[in-house]
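Presented below is the structure to which this report refers.
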Amino acid sequence: MEKVKVDNLYKSFGEVEAVKHINLSIEEGQFVVILGPSGCGKTTTLRMIAGLEQPTAGDIFVEGKKVTHLHASKRDIAFVFQSFALYPHMTVYQNISFPLEAQRLSRPEIKERVMNVVEFLGIEPLLSLKPKQLSSGDMQKVALGRAMVRRPKVFLMDEPLSGLDAKLREEMRAELKRLHIEINATTIYVTHDQIEAMSMADTIVVMNDGVIQQIGSPQQVYMEPENIFVANFIGSPGMNFLPLVYTGKNTLFRYGPDQEFSHPQLSFLTQIDQKEFILGIRPEYVQISPSGLMNGEIISVEPLGYKNVYAVELPGGIRFMVEDMRTEKYSGQVKLQINWKKACFFTKNDELRIKWSQKNG
Amino acid sequence: MEKKVWKGILIAVGLAFFLLPIYWIIATSFKQWPDIFAIPPKFVFRGTLLNYMALFNIRLEEVAKFGQVGKSLFLPRFMNSVVIAGVSTLLSITLGTLTAYAFSRFKVKGEGDLLFFILSTRMLPPIVVGIPFFVLYRALSLLDTKIGLILLYMTFNLSFSVWLMKGFLDEIPKEYEEAALVDGYTRLEAFIKVILPQALSGIAATAVFCLITAWNEFFFALILTSEKARTAPPSIAAIQGSSGTNWGQIASGVTFFLIPVVVFTFLVKKYLARGLTFGVIKH
Amino acid sequence: MADVRLENIVKYFGRLCALREMSLQVRDGEFLILLGPTGAGKTTTLRIVSGLEIPDRGEIYINKQSMKGVQPRDRNCAFVFQTYVLYPHMSVYDNIAFPLRSKVWKMDENDIAQRIDRITSILKITHLLKRKPATLSGGEQQRVALGRAMVREPQLFLMDEPLSNLDAKLREGMRVELKSIHKKLGATFFFVTHDHVEAMTLGDRIAVLNQGSIIQVGAPEEIYSYPSSLFVAKFVGNPEINLIKCEVDNNSLQLKNIGVSFPITLFPQLKNKNLPQQILLGLRPEEIILTPRGSMKGEIYLVEDLGVDKIIRVKMNGMVLRIRIACEEYFHVGETVMLDVDTTKAKFFDPITEKSLER
């Protein structure tokens, strides 16, 4: 039985449709990340699951029970806010024990549960401090502790790491992942940062404009994106796109104003009843090499220490991002080689990936 | 659904309770003399404009037939109220906003103490300073002058407007002026062009409170004025008829007196809604 | 010409010392990043350069002229705030035109229109001119704020973490655009951030600031490969550099945390140096190699699969090492792996002074 089920969920704010009939099914113990740009409806969806927002239509089920109109406090879920939302007038201990007081547990029971969580998170030294005396990383842990102490059915997290400095975010990502491996609690996590999603998720739900674009494992959304939006959104930098036009001859394709190339890998495209396609290839799979088929000029380079990311302009103005792990720095005119096995192809009009069974070679 | 019906009934009852006195006064202003005292109270009656005619000295011969006596001084007194309340509100808003800005943006020595001192002027029941003010005004020849009441109301409202406006101005991040400063504006220009437009809702809310306070003020208007500068509240209360207190005319006076403030509040309603909930700027 | 020179700036806020004798030079036309954690004093530095804040001690020079007593509006620099600070009661057009309508400029409305047209085309916001800021998305507001800064064609741009309120994807796109705008304008960009990836990708040079003092200034590769102190080594680089306690013993280096030792000749960077007995060995995640021919054994503790890039945490002798590898294989928690070390890239630090031993 699924832990959480979202059925045809729809939410509109006046004329604005925030969430348009989405369906989700989440298994016990899964870490599901709802990923999408600002305004795509991910936070609204999470808040509806929590009960902080009422759906306009559709239903939500937790462990088979319909909770759509149930008050948030009765759903047995915990919510971690982006801004932590710690009670400023209470100590860390009181903040964490607060949810349990509402459940009328006895004092010794409360203490045992709080100390359990506190030891697990490694925040014992902070117990008597007030939130304003804590660093943001510690505040984040206290917010987590407050959620964990209730042992809820589901954890809901709304961009919990975005209020942290870049370095802290990286550390907390690993900690959250490690935490999940140890507790194995069902978690629904919302973010706009695809690195967080790739790093922590068992399943990624990509959303845009109120609609689910794709549901899959990190590897699936990375290697087999359903459409151009997903292909571009996942990966940093996102996938490169090159419009191709079939010349009609052999496997010769045209790109840019007057460039042509041909490759056996493209032969399947000639059998499709269309002339225009979009080639998608990730920066990691494009290489600067003298045996490359495409010409380009390097316009800028981003040195990241362990790799260099080049912005290469192709004839016709298209920009390709190229990742290079080698230490030497390139510049000027270069030739690009594509790892054809990793290329994706999309139809031009509806931007969907062309799936084909004979992807051999 | 049932819950909503009960909610509706409760609200209707509450509204009726609060609006009943207002309805009664307005109704009374249109009632003939016997109807005013009728028992059981009359909610439906034959209306008359006699009370208003008496108030504004229209067709006094007709009015006299019904036992109203004497020329009404309502209109000049009403105009006094308009001038005094209006000018004093304008002054307390202007001075209050500028003061609040100084407290909000600059480091003022003893800020906490000063602000408390300003607020403390509101803690005094006005009656306590009634006689001292009378003596003071007599010495300064401010008795029965419009300027006397204007200064008084301005002073009393100043504390309120400083505190309210400081709250509103604090909500506006100082980065707004700073952006203007870096872009080539003086602080005064930045204040006028960038801060004031955003503080409008706060100003509207403060203006409404100051105006209502000055408009309805009774005690000092009574003791510090007599003829020339008397405002409406004391005069309405003293309207006499041939057989004692003229309730009908008083009711018409009160009803008419209500109109300007209600109109003003409706005019600034757009700004008021935002202003009354503080936290105007989301950033 | 717009170079900036800060000399021995000291700034207190009450008893808190925000800047301690801080000195920095921003070269004319460069894109300089001031990088540091929250509370390091970066915003304070920027505000002092702009004139919004006066230092307690020290001198500021813009174009070799002292800025003592010079008001912000006379310094000819543009400030881009983290929160954009767009005037909500004005349209986008009026927001961008605002600086040009001040008494300092008094520009003709036709000239203003021309300039705005040019700038909004570069920033691709021409279609937004009549809208009010509240109706724009974060990315659009960001560009309008940039437009308002650019419209004065200043020589010096001061930017206070302008990208941190943007979505991750938008941030990536804006980084490329900012770089090209910088190239196009040729102006000096003084950019502040806490994000080391942003610093590496955008800056011509990076100045690392911590607790009010400049720790190191240099090109991105220099900061990354030759950090002058432990702080810089840890702050720049993702995931964080691995630091292993070592003991120098005759001809070998004992890596105490992971129970391995290497002959000291494998580390040419230590040749002919006077070494304390205890030193810290710093290895960046990409400098530890997962290879079946490796000499060290460890157990996989955590795997972050980011596509081709993978970040793997391996436990060795109780210490967790962070490793970065680009490959197609899958790794699983609990798996045993063999590791090797790129000894030529290793960095060494004195654990007491926290300074690099190689400089």
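Has region C:90-97 got at least one residue that is open to solvent by 10 Å² or more (accessible area, probe 1.4 Å), away from chain B (no Cβ under 13 Å) and of a type in the set (Phe, Trp, Tyr)?
The answer is yes; a qualifying residue exists.
Select from region C:296-338 the residues that are in a loop (DSSP other than H, G, I, E, B), surrounded by 14 or more Cβ atoms within 10 Å (Cβ to Cβ), within 11 Å of another protein chain (Cβ to nearest Cβ) and on the phi < 0 side of the Ramachandran plot and list them in ascending order.
C:LEU306, C:VAL308
Does C:ASN272 satisfy the condition of being in a loop (DSSP other than H, G, I, E, B), open to solvent by 40 Å² or more (accessible area, probe 1.4 Å) and either at pLDDT 95 or above or at positive phi (or both)?
Yes: the conditions hold for C:ASN272.
With region B:200-283 as the region, which helices (runs of 4 or more DSSP H) entirely inside it contain at least 1 residues that are modelled with pLDDT under 85?
B:232-237, B:247-267, B:269-275
So which strands (runs of 3 or more DSSP E) stay within region A:253-339 end to end and still have 2 or more residues that are buried (at least 18 other Cβ atoms within 10 Å of the Cβ)?
Fully inside region A:253-339 and qualifying: A:276-281, A:286-288, A:294-303, A:308-313, A:319-324, A:333-338.
Quick one: which strands (runs of 3 or more DSSP E) sit completely within region A:24-110 and have at least 1 residues that are of a type outside the set (Gly, Ala, Ser) and farther than 30 Å from A:LEU129 by Cα?
Per the criteria, A:31-35, A:57-62.
I'd like to know if region B:77-87 contains one or more residues that are over 30 Å from B:LEU114 (Cα atoms), exposed (fewer than 13 other Cβ atoms within 10 Å of the Cβ) and of a type in the set (Ser, Thr, Tyr).
For region B:77-87, residues over 30 Å from B:LEU114 (Cα atoms), exposed (fewer than 13 other Cβ atoms within 10 Å of the Cβ) and of a type in the set (Ser, Thr, Tyr): absent.
For region A:79-106: of the residues being hydrophobic (A, V, I, L, M, F, W, C) and open to solvent by 50 Å² or more (accessible area, probe 1.4 Å), which is nearest to the chain's Cα centre (by Cα)?
A:PHE81
Just one of (1) under 28 Å from C:THR201 (Cα atoms); (2) touching a residue at least 24 places away in the same chain (Cβ under 8 Å) trips up A:GLU175, so point out which.
So A:GLU175 meets the others, but not (2).
Mind listing whichever residues of region C:45-92 are closer than 16 Å to C:GLN25 by Cα and in a helix (DSSP H, G or I)?
Those that are closer than 16 Å to C:GLN25 by Cα and in a helix (DSSP H, G or I): C:THR45, C:LEU46, C:ARG47, C:ILE48, C:VAL49, C:SER50.
Can you go through C:ILE241, C:ILE289 and tell me which one is within 14 Å of chain A (Cβ to nearest Cβ) and either basic (Lys, Arg) or open to solvent by 40 Å² or more (accessible area, probe 1.4 Å) (or both)?
Unique residue meeting the criteria: C:ILE289.
For residues in region C:196-215 being farther than 19 Å from C:ILE181 by Cβ and open to solvent by 10 Å² or more (accessible area, probe 1.4 Å), which is nearest to the other protein chains (Cβ to nearest Cβ)?
For region C:196-215, the residue satisfying everything is C:VAL197.
Somewhere in region A:217-231, is a residue over 18 Å from A:PHE346 (Cβ atoms) and more than 14 Å from chain C (Cβ to nearest Cβ)?
No, every residue in region A:217-231 fails to be over 18 Å from A:PHE346 (Cβ atoms) and more than 14 Å from chain C (Cβ to nearest Cβ).
Take region A:177-200 and flag every residue that is more than 9 Å from chain C (Cβ to nearest Cβ) and open to solvent by 10 Å² or more (accessible area, probe 1.4 Å).
A:LEU179, A:HIS180, A:GLU182, A:ILE183, A:ASN184, A:ALA185
Could you tell me whether any residue of region C:27-41 is of a type in the set (A, V, I, L, M, F, W, C), away from every other protein chain (no Cβ under 14 Å) and open to solvent by less than 40 Å² (accessible area, probe 1.4 Å)?
Yes: one or more hits.
Against the condition touching an Asp or Glu at 6+ places or on another chain (Cβ under 8 Å), under 23 Å from A:ALA185 (Cβ atoms) and surrounded by fewer than 15 Cβ atoms within 10 Å (Cβ to Cβ), how does A:GLU112 come out, does it pass?
no
How about region A:119-165: which of its residues are outside any loop (DSSP other than H, G, I, E, B), open to solvent by less than 20 Å² (accessible area, probe 1.4 Å) and out of contact with any strand residue (DSSP E or B) (no Cβ under 9 Å at 6 or more places or on another chain)?
Hits for region A:119-165 are A:LEU121, A:PRO131, A:GLY137, A:VAL142, A:GLY145.
Could you check how many residues of region A:232-241 are in contact with a strand residue (DSSP E or B) (Cβ under 7 Å, 6 or more places away or on another chain), farther than 28 Å from A:ASN8 by Cβ and either within 13 Å of chain C (Cβ to nearest Cβ) or surrounded by 21 or more Cβ atoms within 10 Å (Cβ to Cβ) (or both)?
3
From B:THR89, B:THR99, B:THR28, grab the single residue that is touching a Cys at 6+ places or on another chain (Cβ under 6 Å) and touching a residue at least 12 places away in the same chain (Cβ under 8 Å).
The conditions single out B:THR89.
Where residues in region B:176-231 are facing chain C (nearest Cβ under 10 Å) and of a type in the set (Ser, Thr, Tyr), which of them is most open to solvent (accessible area, probe 1.4 Å)?
Ranking the candidates gives B:THR186 first.
Among the listed residues C:THR201, C:THR120, identify the single one that is outside any strand (DSSP E or B) and under 16 Å from the mean Cα position of the chain (by Cα).
After applying the criteria, what remains is C:THR201.
Does A:LEU156 meet the test of being at pLDDT 90 or above and outside the structural domain of A:LYS348 (by TED's automatic domain parsing)?
When the stated conditions are applied, A:LEU156 passes them.
Scan region A:204-215 and give yes if some residue there is in contact with a strand residue (DSSP E or B) (Cβ under 7 Å, 6 or more places away or on another chain), within 11 Å of another protein chain (Cβ to nearest Cβ) and either outside any strand (DSSP E or B) or modelled with pLDDT under 95 (or both), otherwise no.
No, that holds for no residue.
The values are calculated or read from the model by the stated rules, or taken from the named source; none is laboratory data. Please read all numbers here as calculations on a predicted model, not as lab measurements. Glycine gets a Cβ as well: all are built from the backbone with ideal geometry, and neighbour counts include every protein chain shown. Side chains included, ligands, DNA and RNA excluded: accessible areas come from the protein's heavy atoms. Shrake-Rupley method; radii C 1.70, N 1.55, O 1.52, S 1.80 Å.
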